[in-house]
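Accompanying notes for the structure given below.
The values are calculated or read from the model by the stated rules, or taken from the named source; none is laboratory data. The structure displayed is predicted, hence computed values, not measured ones. Neighbour counts are summed over all protein chains in view; Cβ atoms, including those assigned to glycine, are modelled from backbone coordinates with ideal geometry. Please note that ligands, DNA and RNA were not included when accessible areas were found on the heavy atoms of the full protein model with its side chains. Shrake-Rupley method; radii C 1.70, N 1.55, O 1.52, S 1.80 Å.
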Amino acid sequence: MPLTERHVAPSILSADFANLVAQVREVMDAGARVIHCDVMDGHFVPPITFGPIIVSALRDALPDETYLDVHLMIESPEKHVAEFAKAGADGITIHAESTPHIDYTLSAIRDAGAKAGLVVCPATPPEHFGQAELDLALIMTVNPGWGGQPFLRNQLEKIRRVRAMLGDGVPVEVDGGINPQTAADCAEAGATWFVAGSAIFGSDDPAATFREIAAAAGC
Ligand code: DX5
Ligand code: ZN
């Protein structure tokens, strides 16, 4: 799948985990190809979610063309990236704040056969993106750790700066508080991948909401 295509990536964080595969299939039937998986360790961020076992279960249950976009909110990600790649992650994104070994960890992701993404928290400046080779830049538009938080509008300027730094060849992904209105704002600023959790899975009709965000984002 060419990463330069525009995508809305439903985040399973807000899905019903007792019906996870059915919920993911519903948004895939509506056109989703990228599924965002939020891994939290209780240290880098307070909540704990899941590890490679769920990634592997999704890999087995979903069509091969599904792109599993794994967002690691964990300390020492360098110790775990190979395991997530083995579980079937197509892309693995690490936090610049989570390790002193950013370049090493991005290389380890690529060596393991996955696309390497780098993400920064809202208060972290975007200069990290110019310092390492990466396949995807993710900009948090809320503080990491929880779904359902309001979009931080002061990140729009960071999106513009990162798009100008990286050119058109690298996807700029946004994560947090994305709905049809904020997706349109982020698209205007240069984002091309749009993660949405509670807006999609918290809605009465996840498929319709997925299509609404995709239309607003110009997908
Ligand atoms: C938050 C996660 C997000 C989360 C977004 O730390 O990285 O992916 O699911 O949730 P919403 O779309 O509800 O802001
Ligand atoms: Zn995320």
Residue identified as open to solvent by 20 Å² or more (accessible area, probe 1.4 Å) and in contact with a Phe, Trp or Tyr (Cβ under 8 Å, 6 or more places away or on another chain) among Leu136, Leu152, Leu166, Leu118: Leu166
The range 139-172, residues that are touching a residue at least 40 places away in the same chain (Cβ under 8 Å) and more than 10 Å from ligand 1 (Cβ to nearest atom): Ile139, Asp168, Gly169, Val170, Pro171
Residue, most open to solvent (accessible area, probe 1.4 Å), within the range 185-215, restricted to residues that are within 15 Å of the chain's Cα centre (by Cα) and farther than 16 Å from Leu13 by Cα: Thr192
The range 33-55 - residue that is more than 19 Å from Thr99 (Cβ to Cβ) and away from ligand 1 (no atom under 13 Å from the Cβ) and, of those, surrounded by the fewest Cβ atoms within 10 Å (Cβ to Cβ): Ile53
Selection from the range 169-184 of residues that are open to solvent by 30 Å² or more (accessible area, probe 1.4 Å) and in a helix (DSSP H, G or I): Pro180, Gln181, Ala184
Condition met for Gly176 (under 25 Å from Ser76 (Cβ atoms) and within 16 Å of ligand 1 (Cβ to nearest atom)): yes
Matching residues, the range 6-30, being in a helix (DSSP H, G or I), closer than 22 Å to Gly145 by Cβ and touching an Asp or Glu at 6+ places or on another chain (Cβ under 9 Å): Ile12, Leu13, Gln23
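Rundown of residues vs (1) open to solvent by less than 40 Å² (accessible area, probe 1.4 Å); (2) in contact with a Gly (Cβ under 8 Å, 6 or more places away or on another chain), yes/no style:
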residue: Pro63; (1), (2): no, no
residue: Leu68; (1), (2): yes, yes
residue: Ile74; (1), (2): yes, no
residue: Ala82; (1), (2): no, no
Candidate set: the range 185-219, residues that are part of a loop (DSSP other than H, G, I, E, B) and within 13 Å of ligand 1 (Cβ to nearest atom); chosen: the one farthest from Thr141 (Cα to Cα): Ser203
Among the residues listed as Asp69, Asp64, Asp60, Asp90, the single one being at pLDDT 95 or above, of a type in the set (D, E, K, R) and within 14 Å of ligand 1 (Cβ to nearest atom): Asp69
Test: residue in the range 90-110 that is outside any helix (DSSP H, G or I), among the small types (Gly, Ala, Ser) and surrounded by fewer than 20 Cβ atoms within 10 Å (Cβ to Cβ): no
